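The structure appears below as structure tokens.
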Amino acid sequence: MSSVASVPSGDEARDAEVGLGWGEPAAPAEGGSGEPLLGRAEMAALLQGEAGEPRAAILAALGARRVAQERWPTFERVLDRFREVFQASLRAWCAGEVEFSLESIGARRFGEHLESLPRPIPIAVLRLAEGDGRALLILERALAFALVDLLFGGRRAGTANLAEARAPTSIERVLIERFVGLVLADLERAFAPVAAVRFTLERIETDPRFASVTRPTNACFLVKFRIVLEGRSGSLVLLVPHATLEPFRDRLRETVTGERFGGDPIWERHWASRIRVTEVELEAVLDERPTTLREIAALRVGEVLPLSAEPDSPVVLRCAGVPLLRGRLGRVGERVSVRIEDRIPREQED
């Protein structure tokens, strides 16, 4: 008697593909029976306490995959400015009708988004020129092949998107790199009024597994743009880890460009005006020499302390023990004076 294996349904087949998250089923554990480690009753006991109330710690751990999105107002304005600048550049580059729009700005775990991408797909790995930060620029396959087709002189209207499941050829890769260079140039122009953020193209990957630039659990900004080229459309995604923009965090989180957190211009002007009229004591040091406590204890009224200073020796002016100026002794009428000759640099104060 022969037995026929049952064919899993569509939902069961999708549930089986949970191993690596790349559409490949995970290999079963050696010696495993295929039974779940915990039954329904045991899982319910973990989620609920003795009184039947849900356990907050367990629920918080299960919901930790979600990323709390924090608004960075200035960063949003930079992206909107990039949209305006890049749309003009893209029209000149493609010599045709182009629509470029900002669809969404969100937050997501880095690994979760990479796992959701199909293979192959053009991914530009970007590097921050001023540090070790990195980001990803992801081109939807339909957009990548539409760009290549248009640059090769393909027909505009009436042509379907070319979304073939294949990696770009060497020539197509060069054209994609030129497109990425155009994006980076306009992205630098959009950031210029706020911060000197400049990305450079490090490499082009087609497999998301080789485009990892941070830990899978790290939070990232997920910025999605939509490009329409002569009737063909596609998505352009910018995936930036929060750590990459950390050096510019304060400026990108400002509600108003140029805002200084904690600063009050009225009090700043008040303190500046008072500090300028504050009286300080300035000391003119003629000479210094080491001595002992025995010599100091033996001093009597009328004794003379010999100094090594001469009439033309330099005099150091100090304020609160800090040397500031250097000058020469002189006389104005009946008063002894000091003529200031130069300023003592800060590195020579010690």
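The values are calculated or read from the model by the stated rules, or taken from the named source; none is laboratory data. Everything numeric here is computed off the predicted structure, so don't read it as measured data. As a convention, Cβ positions derive from the backbone with ideal geometry for all residues, glycine included, and neighbour counts pool all protein chains shown.
Tabulated data for the structure shown
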quantity	calculated
Qualifying positions in region 189-205 - under 24 Å from residue 147 (Cα atoms) and surrounded by 17 or more Cβ atoms within 10 Å (Cβ to Cβ)	190, 199, 204, 205
Residues (over 19 Å from residue 71 (Cβ atoms) and out of contact with any strand residue (DSSP E or B) (no Cβ under 7 Å at 6 or more places or on another chain)) located in region 216-246	230, 231, 232
Flag for residue 229 being farther than 27 Å from residue 73 by Cβ and among the hydrophobic types (A, V, I, L, M, F, W, C)	yes
Some residue of region 86-99 being under 17 Å from residue 179 (Cβ atoms), small (Gly, Ala, Ser) and in contact with an Asp or Glu (Cβ under 6 Å, 6 or more places away or on another chain)	yes
Which listed residue is modelled with pLDDT of 85 or more, over 30 Å from residue 75 (Cβ atoms) and either exposed (fewer than 12 other Cβ atoms within 10 Å of the Cβ) or among the small types (Gly, Ala, Ser) (or both), from 298, 272, 309	298
Cβ-Cβ under 7 Å pairs, at least 6 apart or on other chains, region 89-103 side assigned to a strand (DSSP E or B), far side among the aromatic types (Phe, Trp, Tyr) and surrounded by 12 or more Cβ atoms within 10 Å (Cβ to Cβ)	100/86; 100/225; 101/225; 102/225; 103/225
Count of region 275-307 residues which are closer than 14 Å to residue 329 by Cβ and either part of a loop (DSSP other than H, G, I, E, B) or in contact (Cβ under 8 Å) with a residue 40 or more places away in the chain (or both)	4
Only one of 324, 293 that is of a type in the set (A, V, I, L, M, F, W, C), at pLDDT 85 or above, exposed (fewer than 10 other Cβ atoms within 10 Å of the Cβ) and not assigned by TED's automatic domain parsing to the domain that holds residue 191	293
Odd one out for residue 312 among (1) over 45 Å from the mean Cα position of the chain (by Cα); (2) closer than 30 Å to residue 141 by Cβ	(2)
Selection from region 114-132 of residues that are over 13 Å from residue 208 (Cα atoms), of a type outside the set (A, V, I, L, M) and in contact with a helix residue (DSSP H, G or I) (Cβ under 8 Å, 6 or more places away or on another chain)	130, 131
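Quick grid of which residues meet (1) over 24 Å from the mean Cα position of the chain (by Cα); (2) at pLDDT 90 or above:
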| position | (1), (2) |
| --- | --- |
| 103 | no, yes |
| 113 | no, yes |
| 130 | no, no |
| 141 | yes, no |
| 145 | yes, no |
